[in-house]
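A short worksheet on the structure shown next.
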Amino acid sequence: MTEEAERQNAAARRRRTRKRLWLAVVLAALLLAFLVIPPMISIGRYKNRIASIVSASLGRPVHLSSVELRLLPLPGFVLTDLTVDEDPAYGSEPVLHASTVTTAIRLSSLWRGRIEISRISVDEASLNLVRTTDGRWNLDPLFRTAAAHTHNADAAHRAAVPLPYLEATNSRVNIKNGLEKLPFSLVNADVSFWEENPGDWRLRLRGQPARTDVSLALADTGIVRLEARLKSAPELREMPLHVEMEWREAQLGQLSRLILGSDPGWRGDLTGEMQLDGTAAAAQIKARLSATGVHRAEFAPADALDFDANCTLVYHYSARSIENLACDSPLGEGHLRVTGDMPASGPHKLAVNVQRVPLSAGLDMLRTLRSGVPDDLEARGTISGQLAYNPDEAQPVPTPSAVRRGKKAPKANDALPNPLQGNLTIDGFQLEGGGLTQPIQLARVTFTPAPAEANQPPALNATASIPLGGASPLALTLQLARSGYQINAHGTAALPKLRELAHVAGLGNAAALDGLAGDPAMIDLTAQGQWLPPSYQELNGTAVGADQLTGTVTLENANWKSQALASPVMLPAATLHLTRDAFEWNPVSFAYGPVKGTATLQVPLTCAAGETCPPQLDLSFNQLDLAALQAALLGAPKQGSVLSALIDRFTAASAPAWPRIDGTAKAGSVVLGPVTLEKAAMSFSLHATGADFTSIDAGLLGGQVHLTGSLASGDKPAYTLEGSVNKAAAPALCALFRLRCTGGPINADGKLTLTGFAAKDLASSAAGTLHFEWRNGSVSGPGAAAWPKVLARFSRWTADGTIGHDGVTLKQSVVQLGSRKSTVDAAVSFGEPPTIAFPAVAQPPAKR
């Protein structure tokens, strides 16, 4: 290479180096300008202008606190505390609020000497979607603004402000119905909205459903994804739509809490998919709902309920109507199809086609919807048939109610039209498990539409006969409606079989049948309830209780066993009345050992919050021996008797808790050792550790006695009594001591405690106080000659005594005759008969 060529190459390299150096200097200067100049530029004066630009882009008034200029990566603004006002027609709460908003400037607009926003990005914003009562959404004005922008853009001679690309990340979407903010929302939401082509809008959304008034595990409510394409139209409801939405990874328990506000106890995984094409006026919808592992929270069955339903329909949003509904779902080895139309005005028309659907699938569905169905209960058989609900083609069917009232059967044109037609047939029905000792089998059961009745929903009826150990099979009438069921049973049934059926059905007052045994009972019962749990019904304003068993059960030659009693109570005749709120035994003829009488027992099943509603027991006896009653209830000291085992059961270590019962007892006469109470009446309250006697009233020795007290259980029964005796006849009292007395009535009051089973134990443990007063009396008879002479005739005798040591010791005993007073001490010993002993009597000094 020549020297000249080398010089030229070196000059070229120096020129390239200088160009690169100048380019680096320019870039550094520009970078320095981007970093230094924006903070030095105050654009606060342009805040209102920028707010107007954003407002023009969104079509809503916009407020912001401050504005900062941003040059990288693209020129734009950073807005602080952005608030987008709501259209007054939709409320006063802002439609959007964000603490920080980033906007990008459309560079091409700068060449035209104006500023246009190309992108608005918000993070952790709050967006309100409002629906008015007439069905309009607050997004309508936004789409009208976008449509106007598109129309203006087509006119070259007019300047338009294009709608910017809108996006929100980590935001919250709230839903309002008018002025009321609903508890439903979408959290952690990412939303994008942009115009892909003129008049062609795209919407993309992803978020987690949430509810503000209950605690939810958001990880189990699933993820909602939505992709939508919209064409320009003056209003949202007129815009052509294509929407694809899916809801995946939703756990059924949290999803039910989200929708219902409570957890009915459902578990499983749910997936929903939907595709919509058309407009809000007429949208063609395809939907798929699938679930796997559906079961109750209490247990996981071997074969959980799975389903996969596919539906197509045409939905009219403005009219709130559905056309051409068609849903198909396989169930086990069978198939279910539902078709129909549901117009907004006019009757709905639906048809159901069932093809060999296994009854086990229906039992699994019932077990999923409600608790209380035994997990080992199994159903076999299939159901097939067709049903159609069409009020326009309803056929008159005579109602049997008029015939039952003794009227002539109505003519066809007088009967109510029945919109339900068709039938369903169950073949090979068999129910086993769940505590049933023997399976219940029916060859075939056919359900047909029930006669229509005014103000009653359509229902299906069927009849069947089941042998339950009685003289004849039990006749059943079954009625199935949309909301629930009703079963009427009439005939005879063995008590164990009847009890098994009641417990398998999970009836709330089936406990009334527990402990009963004996001859088959005559029953006339009705069982009814709702398919869905009560919490769901209450949420929808149809508050209902649990399943109910009502009617009567008549018993003869039966017996009842309780854990609180050692032996059964014999029931020669008894009638059980079951109602929605209580069950009542009335009347009952009973015998428990030597104790015989009649009774009524009412047990409430519901009680107001904060109140106690114990059972009410009313007893009646012609004659009652308290010694026999104590032996029957607490045990007898005589070994080898039927009830002697109760002594062991009454000890503190082994005695079962007594039930909480309030009651009354009446008796024509009550034998209490050597005395008899006449027309006795008692009010009592049993509890776990004994009983309280609120009042005991009876005739005693020609007078009246009133007592209150209590009984406490333990190693031995302990009694506490307090009361008074008014106007007792002196001759009747002295007869207990084999004495003859005359005079006025005797009044007494006192307190007494007793412990034990036998009379000897009670006497030895007796302790307390006694006070009595006797006027104008006299005492005579065998042994009275050795008594103090002042007792032969007196005008007043008062005394205070102490009870204890198998007797009563009278202290402060004063006997008065006229103005003369004498002190007389005495000791009464318990026995048969009781005896009285007098120590030396202090005589008053003789008068001068």
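The values are calculated or read from the model by the stated rules, or taken from the named source; none is laboratory data. Computed from a predicted structure; not experimentally measured. Note: ideal-geometry Cβ built from the backbone for every residue, glycine included; neighbour counts use all protein chains shown. Calculation scope for accessible area: heavy atoms of the full protein, side chains included, ligands and nucleic acids excluded. Shrake-Rupley method; radii C 1.70, N 1.55, O 1.52, S 1.80 Å.
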What about ALA748, is it open to solvent by less than 30 Å² (accessible area, probe 1.4 Å), touching a Phe, Trp or Tyr at 6+ places or on another chain (Cβ under 8 Å) and modelled with pLDDT of 90 or more? yes
Being out of contact with any helix residue (DSSP H, G or I) (no Cβ under 9 Å at 6 or more places or on another chain) and either farther than 23 Å from LEU629 by Cα or of a type in the set (Gly, Ala, Ser) (or both) is the filter here, so list the residues in segment 690-724 that pass it. GLY690, ALA691, SER695, ALA698, GLY699, GLY709, SER710, ALA712, GLY714, GLY723, SER724
Only one of these is open to solvent by 50 Å² or more (accessible area, probe 1.4 Å), at pLDDT below 75 and part of a strand (DSSP E or B): LEU74, LEU110, LEU69. Name it. LEU69
Residue count for segment 463-506, restricted to those that are polar (S, T, N, Q) and touching a His at 6+ places or on another chain (Cβ under 7 Å): 0
Checking TYR719 against (1) open to solvent by 40 Å² or more (accessible area, probe 1.4 Å); (2) farther than 30 Å from GLN563 by Cα; (3) in a strand (DSSP E or B), which test does it fail? (2)
Out of everything in segment 207-222 that is buried (at least 16 other Cβ atoms within 10 Å of the Cβ) and without any contact (Cβ under 8 Å) to a residue 40 or more places away in the chain, what residue ends up being farthest from SER118 (Cα to Cα)? ASP220
Going by the structure shown, is SER567 at pLDDT below 85, hydroxyl-bearing (Ser, Thr, Tyr) and touching a Gly at 6+ places or on another chain (Cβ under 9 Å)? yes
From ARG225, ARG296, ARG257, ARG237, residue being more than 24 Å from LEU182 (Cα to Cα) and basic (Lys, Arg): ARG296
Looking at (1) free of Cβ contacts under 8 Å to residues at least 40 places away in the same chain; (2) over 30 Å from ALA688 (Cα atoms); (3) touching a Pro at 6+ places or on another chain (Cβ under 7 Å), which one does LEU711 not meet, given that it meets all the others? (2)
Can you spot a residue in segment 818-829 that is buried (at least 19 other Cβ atoms within 10 Å of the Cβ) and closer than 19 Å to ALA767 by Cβ? yes
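Looking at segment 580-587, is at least one residue aliphatic (A, V, I, L, M) and at pLDDT 85 or above?
no
Just need a number here: residues in segment 613-628 that are open to solvent by 50 Å² or more (accessible area, probe 1.4 Å), at pLDDT 80 or above and not in a strand (DSSP E or B).
1
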Enumeration of residues in segment 563-588 that are open to solvent by 70 Å² or more (accessible area, probe 1.4 Å) and farther than 18 Å from ALA527 by Cβ: GLN563, MET570, PRO587
Checking LEU179, LEU236, LEU260, LEU166 in turn, the sole residue that is farther than 28 Å from ALA98 by Cβ and in contact (Cβ under 8 Å) with a residue 40 or more places away in the chain turns out to be LEU260
If you go through segment 438-454, how many residues are surrounded by fewer than 17 Cβ atoms within 10 Å (Cβ to Cβ), under 31 Å from the mean Cα position of the chain (by Cα) and either closer than 23 Å to ASN353 by Cα or not charged (D, E, K, R) (or both)? 1
Which condition does VAL243 not pass, out of (1) more than 36 Å from the chain's Cα centre (by Cα); (2) open to solvent by 30 Å² or more (accessible area, probe 1.4 Å); (3) β-branched (Val, Ile, Thr), if it passes all the others? (2)
With respect to LEU325, is the statement that it is in contact with a Cys (Cβ under 8 Å, 6 or more places away or on another chain) and assigned to a strand (DSSP E or B) true? yes
Answer yes if at least one residue in segment 418-430 is open to solvent by 40 Å² or more (accessible area, probe 1.4 Å), in contact with a helix residue (DSSP H, G or I) (Cβ under 7 Å, 6 or more places away or on another chain) and more than 16 Å from ARG380 (Cα to Cα), and no otherwise. no
Matching entry among ALA280, ALA287, ALA217, ALA233 (being farther than 27 Å from ALA168 by Cα and not β-branched (Val, Ile, Thr)): ALA287
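Taking the conditions exactly as written (at pLDDT 90 or above, buried (at least 19 other Cβ atoms within 10 Å of the Cβ), closer than 28 Å to PHE684 by Cβ and in contact with a strand residue (DSSP E or B) (Cβ under 9 Å, 6 or more places away or on another chain)), does ALA766 satisfy them or not?
It is false that ALA766 is at pLDDT 90 or above, buried (at least 19 other Cβ atoms within 10 Å of the Cβ), closer than 28 Å to PHE684 by Cβ and in contact with a strand residue (DSSP E or B) (Cβ under 9 Å, 6 or more places away or on another chain).
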Where the second residue is among the polar types (S, T, N, Q) and assigned to a loop (DSSP other than H, G, I, E, B) and the first is closer than 14 Å to SER185 by Cα and touching a residue at least 12 places away in the same chain (Cβ under 8 Å) and lies in segment 119-138, which pairs have Cβ atoms under 6 Å and are six or more apart or on separate chains? VAL130/ASN138
